[in-house]
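The values are calculated or read from the model by the stated rules, or taken from the named source; none is laboratory data. The shown structure was predicted, so the numbers you read here are calculated from the model rather than taken from an experiment. Virtual Cβ from ideal backbone geometry, glycine too; neighbours counted across all protein chains shown.
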Amino acid sequence: TALLAFLKAGDHVVLQNMLYGGTQNLVTKQFEKFGISYSFTEGLKPIDFEAKIKKNTKVIYIETPSNPLLTITDLAAVANIAKKYNLISMIDNTFASPVNQNPIDFGIDVVIHSATKYMGGHSDICAGAVASSKVNMERIFQLAINLGGSLSDYTVWLLERSIKTMGIRVKSQNENAMRLAEYLDKNADIKQVNYPGLTSHPDHALAKSQMNGFGGMLSFELKESINATDFRKALKLIKSSMSLAGIESTVLSPTQTSHALLSAEERYKQGIADGLIRFSLGIEEPEDLIADIEQALERVKAKQPALNNQ
């Protein structure tokens, strides 16, 4: 709704090359029928965005931290480019939440949240939220009325209930994510950990400069000898689920869920391996989460002794 409020037939939008799979699928599969053209950046540096701008470009769309690789995009740089070319800048701020990141402070025009996630926080509603100036919000709202999207009074009540505790929930999830990222980073069975709170993360300094907390989301890859599907099934406390940001910790395979609509080639270009696991931290005791991961690893490795000895 936010995108279509500022785009019409003949317009062009620039999008960063790492986005939630559903967003990318919406653009690549639906925008052509509306006569809207689009370009994905080659990278996430300011020059990558500026290089894709055309005379008919109207919007720049970003997501940071990105889903599922937790890459970081420079908010101020993108906002400045948008202002330079008189464009509307938009961000999917779902992974960060309003607790950890406030893009409007850096000049971004329109901020979008899946309120299903941290705003809801209990895995029991489906909602979305948009924040912007009064002028922009009126434009978006008028289109929303025509498209028909609305929330029931009960869903609104549940969302209001949840927002009251969002601050303390997210801070706890931040702490758990940092603890688990550090644990996984030192675990010999883990090939790669993606979390902007780690000093080894290539965008750590940028994340530190524009985020109030590093978030409750991370992703990681197991060693090739450990089957990722078997590992997820072996977990007991941590549940496999398509949702995220609830008070319970969950894992999923982006290849099979959030980015399943993308082709294998498109996922490869984004760096999304088939064995990648997205990990949403809840508010459990971190020691319990670590114990669950360790027992799952031991169970899976016990089934693959031949591979482990190679």
### Task
Run residue 151 past the list (1) in the same structural domain as residue 284 (by TED's automatic domain parsing); (2) under 30 Å from residue 1 (Cα atoms); (3) touching a Leu at 6+ places or on another chain (Cβ under 8 Å) and report the number of the one that doesn't hold.
(1)
### Qualifying position, being touching a strand residue (DSSP E or B) at 6+ places or on another chain (Cβ under 9 Å) and either assigned by TED's automatic domain parsing to the domain that holds residue 180 or at pLDDT below 95 (or both), among 263, 280
280
### Query
Looking at segment 24-40, is at least one residue surrounded by fewer than 23 Cβ atoms within 10 Å (Cβ to Cβ), touching a helix residue (DSSP H, G or I) at 6+ places or on another chain (Cβ under 7 Å) and within 27 Å of residue 218 (Cα to Cα)?
no
## Note on the structure
Scanning segment 23-63 for residues that are closer than 20 Å to residue 9 by Cβ, in a loop (DSSP other than H, G, I, E, B) and touching a strand residue (DSSP E or B) at 6+ places or on another chain (Cβ under 9 Å) gives 36, 52, 53, 54, 55, 56
### Message
Looking at segment 293-310, I want the residues that are β-branched (Val, Ile, Thr) and have a partner that is modelled with pLDDT of 65 or more and not in a helix (DSSP H, G or I) with Cβ atoms under 7 Å, at least 6 apart or on another chain. Which pairs are those?
### Response
300/226; 300/227
### Query
For the subset of segment 215-241 comprising residues that are part of a loop (DSSP other than H, G, I, E, B) and under 21 Å from the mean Cα position of the chain (by Cα), which member is farthest from residue 96 (Cα to Cα)?
238
### Query
Mind checking which residues of segment 78-126 are in contact (Cβ under 8 Å) with a residue 40 or more places away in the chain and closer than 18 Å to residue 21 by Cα?
90, 92, 94, 95, 96, 112, 115, 116, 117
### segment 4-22 - residue that is of a type in the set (A, V, I, L, M) and not in a loop (DSSP other than H, G, I, E, B) and, of those, surrounded by the fewest Cβ atoms within 10 Å (Cβ to Cβ)
4
### Task
Of all residues in segment 186-214, count the ones that are in a helix (DSSP H, G or I) and surrounded by fewer than 18 Cβ atoms within 10 Å (Cβ to Cβ).
5
### Query
Checking residue 169 against (1) part of a helix (DSSP H, G or I); (2) without any contact (Cβ under 8 Å) to a residue 40 or more places away in the chain; (3) surrounded by 17 or more Cβ atoms within 10 Å (Cβ to Cβ), which single condition isn't satisfied?
(2)
### Task
Answer yes if at least one residue in segment 129-149 is crowded, with 16+ Cβ neighbours inside 10 Å, touching a Ser or Thr at 6+ places or on another chain (Cβ under 9 Å), in a strand (DSSP E or B) and not charged (D, E, K, R), and no otherwise.
yes
### Task
Test residue 108 against the stated conditions and say whether it is of a type in the set (Val, Ile, Thr) and crowded, with 22+ Cβ neighbours inside 10 Å.
yes
### Query
Within the group 226, 190, which residue is of a type in the set (Val, Ile, Thr), out of contact with any Phe, Trp or Tyr (no Cβ under 8 Å at 6 or more places or on another chain) and in contact (Cβ under 8 Å) with a residue 12 or more places away in the chain?
226
